[in-house]
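What follows is a single structure, written as structure tokens, with notes after it.
The values are calculated or read from the model by the stated rules, or taken from the named source; none is laboratory data. What you see is a predicted model; the values in this text were computed from it and never measured. Cβ placement follows ideal geometry from the backbone for every residue including glycine, while neighbour counts extend to all protein chains displayed. Surface areas here come from the heavy atoms of the whole protein model, side chains and all, with no ligands, DNA or RNA. Shrake-Rupley method; radii C 1.70, N 1.55, O 1.52, S 1.80 Å.
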Amino acid sequence: MSAIKIMALLLIIAGLLGLVYGSFSYTQETQEAKLGPFELTVKDKKTVNVPVWAGVAAVVVGGGLLLMASKKS
């Protein structure tokens with residue numbers, strides 16, 4: 001399998017996941033203060049929304065790459 005086909009499949013999968021889930025979250029840990037042997041850390045949970053147009057564009061571009069790669073071989 002060529003690199004273009006692999007990239008196309010990854011784009012299609014990423015686009016479908018973006019359309020199905022719509023957002024993802026992660027935890028960011030920051031060190032606020034260090035007083036001697038004590039450390040104060042803060043964990044912030046952040047959410048990133050994936051726009052619908054980005055998911056659709058990834059699926060369309062991935063499909064186009066897959067069609068182009070299959071026509072060349």
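Take the residues of the stretch 45-65 that are open to solvent by less than 60 Å² (accessible area, probe 1.4 Å) and aliphatic (A, V, I, L, M): which is farthest from M7 (Cα to Cα)?
V48
If you take the residues of the stretch 27-44 that are open to solvent by less than 100 Å² (accessible area, probe 1.4 Å) and touching a residue at least 12 places away in the same chain (Cβ under 8 Å), which of them is nearest to V59 (Cα to Cα)?
Filtering first and then ranking leaves T27.
Of the residues that make up the stretch 62-71, is at least one assigned to a strand (DSSP E or B), at pLDDT below 90 and among the small types (G, A, S)? Reasoning before the result, please.
Going residue by residue through the stretch 62-71, those that are assigned to a strand (DSSP E or B) are none.
No, every residue in the stretch 62-71 fails to be assigned to a strand (DSSP E or B), at pLDDT below 90 and among the small types (G, A, S).
Of the conditions (1) basic (K, R); (2) surrounded by 10 or more Cβ atoms within 10 Å (Cβ to Cβ); (3) assigned to a strand (DSSP E or B), K5 clears all except one; give me its number.
Against the list (1) basic (K, R); (2) surrounded by 10 or more Cβ atoms within 10 Å (Cβ to Cβ); (3) assigned to a strand (DSSP E or B), K5 comes up short only on (3).
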